[in-house]
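The values are calculated or read from the model by the stated rules, or taken from the named source; none is laboratory data. What you see is a predicted model; the values in this text were computed from it and never measured. Note that each Cβ is placed from the backbone with ideal geometry, even for glycine, and that neighbours are counted across all protein chains shown.
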Amino acid sequence: MIRGYLALVLHSHLPFVRHPEAERFLEENWLYEAITETYLPLLAVFERLERDGVPFRLTLSVSPSLAEMLGDPLLQSRYLSHLERLQELAEREVNRTWGDARLSGLARMYLERFRACREAYEGKYQRNLLAALAGLEQRGHLELITSCASHSFLPTLSLVPHAVRSQVAVAVRSHIRHFGGYPRGFWLPECGYYPGVEEFLREQDLHYTFLETHGLLYADRRPRYGVYAPVACPNKVAVFGRDPDSARAVWSSEEGYPGDPVYREFYRDIGFELPLEDLGPFLYDGGLRAHTGIKYWAITAAEGDKAPYQREAALKKCEEHAEQFVRDRLHQAERLRPHMDRPPLIVCPYDAELFGHWWFEGPEWIEALLRRLARSAEKLRMVTASDYLEAHSELQVLQPCFSSWGNKGYAEVWLESSNDWIYRHLHKQAERMQDLARRFPNEKGLRRRALNQAFRELLLAQASDWAFIMKTGTTVPYAVKRTREHIHNFTRIFETVMENEIEQEWLLGLEARNNIFPEIDYRLFGKAST
Amino acid sequence: MTRERLRIMPLAELATLARSNGLEPADDLGAEELIELLLEGYQEMRQEREEGNNPSVRVEEAKFEAGEEEPPAAGAGAENLSIPQRYNETRVVLMARDPHWAYAYWDVEDAQAARTRRDSGFEQLVLRVQDLQPASSFDIPIQWSDSSWYIYLPNQDADYVLELGYLASGRFRLLARSNQVRTPREGISGEAPEESESLFLGGSPEAFAGPSSAMSSEAIPQRILSAMRE
């Protein structure tokens, strides 16, 4: 007898960072680290489960900007160079730690991991992770969904409906190009929802999306089942709300699993700990330090010295945490079931990069979780949003509430003193793009290329990551530079197109550099559907 | 910024860096002491930033940890990318931020600004905040040099419009009206769910028994909510 459903939803995303003009570029590491620590390990988990005949089913959203990077030949070959350097560094580490009983085993573990990554990436996947994901979807394990073209935080663009529309429309086209199938669902970046955004999802024939808990709870009517059954917006787009308990268990670094003392410490990286001469191949221009991914210490206690990381103990803990998670969800379902006329659905959305990158053991935890869920499938069934809607198509209708999963649940992360200056430009640009599309309804040749590039620059400027970084302060100069760069490029194209003085050489250089969405068509801007 | 990166900076630059980060170094500090002060300051700033962030934001922040930022001098390239300071148009935009705060930005086109300043009765540039239901308003005096502001909106789940204008001879003269914004709700709606308001998304409605009549629809959400809080 089914007591409940569980929907695990992973959202993978990185902003478009690609700098062919530089030989090596620090921020491209965001992608390389995520491939090494999250995407390849997750693929390995899925393949082990498949090999062992363990049934599993989950939702994975791949943001279009991430998909574009994963499919880009330059970044693919640079990732391999990055792995080579890592492997070289790990070999040096094996020598350096030789005889150190605490660390030498770990150094060898990293060397093994990098070798395995290289083999998998170059051999098995032929550099093409998108095809591997599409295969998992075809074989029924994943439901792939899309997200905004450049991961914009849509509530800040609601003023210009065409801007929102184009974020969704370009995303769907990019998804089809990368994965073949039509996405049924849509991940709202940062769970950023405002009443009315569902119109743009429906226009693109998208059936569902996910909201932060209070997006449902604070709807115009009380949701009959809280967040334990999806609801429908008045226009029929289904909305699934995040379960707060399972969110806390996995996200929180204090009370959640990832903060357990036996797990690996994220911030103690040899890239920042060793003398410069030991980092030889890995230093950036002028000797800049960077994360290497080689980290030897366990979280241990908040104060005092860190203990060396012990892989076996950490993996054992993963099993315990997976068991606890399943037990807690079952308990939750049993508590809810008497109040509902259908089994409750527990929706667990997470950033994919949480697993592996932030929480090193995350992929192993997912593996342990999926194996356990497969064993208790007659009680707690893993579903995707589509599976659920096929089984339970009667939904309460209500109008969800403006919400996000950022601090305090609304827009304050992306709209505050550090980043509010961008919106004046983002709104104006979107209006200008609309002017361009109206004024030049069907251009050919160079002007068409200019208009298409203007569209790309517009989207790149709208990435919520820049505003996020300006607020959180991790690498602010880069985020400011990127925002200014795309505003500058857009404005320059706008002006030169209007004056009929397109700068061909500059434009072609820009096309080659900011080459996201190669098939973009500016005529799409403002069109409701095609 | 790492210790060795700070070590290659001249003393004067270290002191400037410390001051630009809100630290107040004594004048007689040596390079090593300044470096210690800066490193402690960075650590504290990082902790302060993180404390305000919820788990989702903290995890996401970790995605953007790559490495050392370039030294300040080398990072100045962004300044070469000119972007418009403003668009010289009379306009005011209102953006909802949370149930009580909104962000507004505005501009007054040069010729119109000149005309307004010449208006003999001109007293004060203002933002008039219009609460649409029930209709009420209040004014926020602003300066010509201002171009954006965070505005407190008293009511959640209410519609607001902003008017940019000025007071002249005791009367309000409109320059521009903003878009309408509805503040988000900050709590659970008092509206009970209605049985009639459900919808069938494909599939066959006969397959479902529908909500059990034994349960009071009024009570369910609270029970679900308390189950969630357990």
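Criterion first (more than 22 Å from the chain's Cα centre (by Cα) and among the hydrophobic types (A, V, I, L, M, F, W, C)) does A:Ala229 satisfy it? So A:Ala229 fits the description; yes. If only residues of region A:375-401 that are touching a helix residue (DSSP H, G or I) at 6+ places or on another chain (Cβ under 7 Å) and free of Cβ contacts under 8 Å to residues at least 60 places away in the same chain are counted, the one that is farthest from A:Glu198 (Cα to Cα) is A:Ser376. Among the conditions (1) within 14 Å of chain B (Cβ to nearest Cβ); (2) part of a helix (DSSP H, G or I); (3) touching a helix residue (DSSP H, G or I) at 6+ places or on another chain (Cβ under 6 Å), A:Asn419 misses just one, which is (2).
In region A:23-58, what residues are closer than 19 Å to A:Leu74 by Cα, part of a loop (DSSP other than H, G, I, E, B) and more than 12 Å from every other protein chain (Cβ to nearest Cβ)? Result: A:Glu23, single match. Within region B:50-77, take every residue that is buried (at least 19 other Cβ atoms within 10 Å of the Cβ) and outside any helix (DSSP H, G or I) and give me the one that is modelled with the lowest pLDDT. Of everything passing the filter in region B:50-77, B:Glu70 is modelled with the lowest pLDDT.
Here is a yes/no grid of residues against (1) closer than 23 Å to B:Glu61 by Cβ; (2) in contact with a Ser or Thr (Cβ under 7 Å, 6 or more places away or on another chain); (3) modelled with pLDDT of 95 or more; (4) surrounded by fewer than 23 Cβ atoms within 10 Å (Cβ to Cβ):
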position: A:Val17; (1), (2), (3), (4): yes, no, yes, yes
position: A:Glu23; (1), (2), (3), (4): no, no, no, yes
position: A:Thr36; (1), (2), (3), (4): yes, no, yes, no
position: A:Leu66; (1), (2), (3), (4): yes, yes, yes, no
position: A:Pro73; (1), (2), (3), (4): no, no, yes, yes
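Would you point out the residue of region A:171-224, among those that are within 20 Å of A:Ala149 (Cβ to Cβ) and β-branched (Val, Ile, Thr), that is farthest from the chain's Cα centre (by Cα)? Among them, the one singled out is A:Val197.
You will find that of A:Leu436, A:Leu398, the residue that is within 14 Å of chain B (Cβ to nearest Cβ) and crowded, with 21+ Cβ neighbours inside 10 Å is A:Leu398 and no other.
Taken over region A:422-431, the criterion of being more than 9 Å from chain B (Cβ to nearest Cβ) and either more than 24 Å from B:Trp149 (Cβ to Cβ) or in contact with a helix residue (DSSP H, G or I) (Cβ under 7 Å, 6 or more places away or on another chain) (or both) is satisfied by A:Ile422, A:Leu426, A:Gln429, A:Ala430. Taken over region A:117-156, the criterion of being surrounded by fewer than 16 Cβ atoms within 10 Å (Cβ to Cβ), small (Gly, Ala, Ser) and touching a residue at least 40 places away in the same chain (Cβ under 8 Å) is satisfied by A:Gly140 alone. In region A:362-373, the residues that are more than 25 Å from A:Glu265 (Cα to Cα) and at pLDDT 95 or above form Cβ pairs under 7 Å with partners that are of a type in the set (Gly, Ala, Ser) and part of a helix (DSSP H, G or I), at six or more places apart or across chains, as follows: A:Arg372/A:Ala322. Here is the figure for region A:459-481: residues that are in contact (Cβ under 8 Å) with a residue 60 or more places away in the chain and more than 19 Å from the chain's Cα centre (by Cα) total 1. Flag not set for A:Phe494, criterion: surrounded by 24 or more Cβ atoms within 10 Å (Cβ to Cβ) and modelled with pLDDT of 95 or more.
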